[in-house]
Each structure stands twice: as structure tokens, then as C-alpha cells.
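None of the figures in this text is laboratory data; all of them are computed from the coordinates on show. These numbers were taken from a predicted model, which means no experiment stands behind them. All Cβ positions, glycine included, derive from the backbone under ideal geometry; neighbour counts span all protein chains shown.
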Amino acid sequence: MRSALLVALLDGPAHGYELIQALEAKTGGRWRPSPGSVYPSLQMLADEGLVTSAEVDGKRVFELTDAGVAEARERNAAHESPWEAMAGRGAEGGLRVAMRDLSLAVKQVAVTGRPEDVERTSTILSEARREILRLLLES
């Protein structure tokens with residue numbers, strides 16, 4: 001998380017939610033860090049003097065200090081970025097994105113669907129589960 005935030009902040013100042021979105025975009029949706037991990041990490045970076053923060057339009061915006069820029073560039077040069085490292089996990093990442101998208105669609109049906117839509121969605125999910133298990137048995 002530390003390296004990812006430092007390198008992401010090389011793109012410029014951002015508030016926590018923007019950083020979460022940036023990291024998700026940089027990983028092609030394979031990783032969306034939680035606020036519960038981002039904000040404490042940002043606070044730790046601030047405590048170490050690598051980032052500063054200021055209130056801008058009611059949001060806490062984080063920016064690299066000179067020391068933070070130096071460390072981010074050093075990490076970037078010494079190692080591949082965290083999102084480049086994740087690129088090798090394409091199939092696993094693709095499955096995670098597909099699950100997330102499926103979950104969002106199911107939640108939408110649960111909230112706005114008619115009773116028959118909810119019932120049909122349950123049937124589709126049960127059929128998909130059986131097919132996935134069948135796939136595993138064939139392997």
C-alpha cells in the first residue's frame with residue numbers, strides 16, 4: 001500500500017477516494033484498496049514526512065513532500081510499480097473483476113427488480129454455480 005500510494009501521488013495531489021479510484025484504474029480493476037487501508041497508510045506517510053495534507057473544498061488532499069517525491073521515484077526506479085506486478089495475475093484479476101461486476105448487478109436487481117426478476121436472478125445464479133462446479137470436476 002505504501003509504495004502504491006507514493007507512486008500514485010507522483011501524478012499529483014489527491015484525496016483518499018481519488019487515490020482509491022486511481023489505484024483501481026491503474027490495476028485495470030484488479031485491486032480496489034479499502035478506505036480502511038488507504039487512510040491509515042496516508043497518515044503513516046504524513047507522520048514520516050513523506051506527504052502533507054490540507055483541507056480543500058471540505059476534503060483532505062494529500063501531496064508528496066520533496067522527501068516523498070524522492071522516495072516515490074526511488075521505489076519506481078528500483079521496482080516495478082505495484083500495478084505492473086499485478087499485471088501478471090491477469091486471469092485471477094479478471095475473475096475478481098467479473099465477480100465484482102456480477103455482485104453489483106445482483107444488488108441492482110435486489111434493489112430495483114420486480115419479484116419475478118429477483119426469482120429469475122436466483123435461478124441464473126444457481127445454474128452458474130452448478131456449471132462452475134461441473135467445470136472443476138472436469139479439470
Stretch gain in nm, segment Asp101-Asp117, where the contour uses 0.36 nm per residue and the Cα spacing is subtracted: 4.0 nm
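Kindly state, as a whole number, the per residue volume in cubic angstrom of the convex hull around the alpha carbon atoms of the range 16-80.
94
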Expected sort for Lys107, Lys59 with the fewest Cβ neighbours (10 Å cutoff) up front is Lys107, Lys59
May I ask you to derive the FRET efficiency for Asp11 and Asp66 from their Cβ-Cβ distance with R0 = 25 Å, giving the value to the nearest 0.05? 0.90
In Å and whole numbers, how far do the C-alpha atoms of the chain stretch along each principal axis, longest first? 57, 40, 20
Return Leu64, Leu104 ranked ascending by Cβ neighbour count within 10 Å, so the fewest neighbours appear first. Leu104, Leu64
Taking a label point 7 Å from the Cα of Val56 along Cα-to-Cβ, the residues of the range 9-43 whose backbone nitrogen sits under 13 Å from it are 9-19
Any chance you could check the Cα centroid distance between the range 1-71 and the range 98-125 for me, in angstrom? 34
